1. Using the Kirkwood radius built from alpha carbon pairs, what does the Stokes-Einstein equation give as D for segment 8-151 at 20 °C and 1.002 mPa s, in µm² per second?
2. With springs only between Cα atoms under 10 Å, which of PRO77, PRO42, PRO121 fluctuates most in a Gaussian network model of the chain?
3. If I take R0 = 35 Å and measure r between the Cβ atoms of LEU75 and MET52 in this structure, what FRET efficiency does the formula 1/(1 + (r/R0)^6) give, to the nearest 0.05?
4. Any idea what the alpha-carbon Rg over 2.2 N^0.38 Å comes to for segment 57-118?
5. Based on Cβ point charges of +1 for Lys and Arg and -1 for Asp and Glu, what charge dipole magnitude is obtained for the chain about its Cα centre, in debye rounded to the nearest 20?
6. Can you pull the Rg over Rh of segment 21-101, Cα-only, Kirkwood?
7. Show me the ranking of peptides 23-36, 104-117 by mean Cβ neighbours inside 10 Å, starting with the highest.
Amino acid sequence: MPNPGPSAKDRKTVAEGLSKVLADSYAVYLKTHGYHWNVSGPNFSQFHALFMPQYTEMWTAIDEVAERIRALGELAPQGYGAFGNLSSIKDGDPTKDATAMIKDLIESHESLIGTLYGVLPTAQEAGDEVTASLISDRLTAHEKHVWMLRASL
């Protein structure tokens, strides 16, 4: 007999986890884009160019996460208030020097990676292979972003 997918209760639980992923993702996206605008110093060109593909990739992924929440039958959170209540990732500080910005982004990505690893077992236990695959893709992307940021220090 084919797997019918996650139950209604499981879909709600998975969507709640994805809502935190969405909020954390949006926070890291905003921070990365802001640092792209505000980075300065002798390595400006390098960091400005490094941040652009990262925030561009995250922008697309944010939509995919929100649409997965909708596909699970729940409303995706929206707005700064909703995201602020769901995420512990703090806003970026445009006065930081380039090295501090990179370190802040690494820490923020690592926090998001922790959120993703926290939601993954929920999706797997619910038999939600689509969400598990999405989370796996996001882990691959954020771990690569962290690697590239660390390599730039």
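Each value in this text was obtained by applying a stated rule to the coordinates, not by laboratory testing. This is a predicted model, so every value here is computed, not measured. FYI the Cβ positions are ideal-geometry reconstructions off the backbone, even for glycines, and counts take in every protein chain you see.
1. Estimated diffusion coefficient is 139 µm²/s.
2. PRO42
3. Efficiency, from the Cβ-Cβ distance: 0.65.
4. On the way: Rg = 13.8 Å, N = 62, 2.2 N^0.38 = 10.6 Å.
In units of the 2.2 N^0.38 Å rule of thumb, it is 1.31.
5. Values: 13 positive and 19 negative charges, 27 e Å.
Taking the Cα centre of the chain as origin, the dipole is about 140 debye.
6. Reported Rg/Rh (Cα atoms, Kirkwood Rh): 1.05.
7. Numbers: 23-36: 22.4, 104-117: 19.6.
Result, highest mean Cβ count within 10 Å first: 23-36, 104-117.
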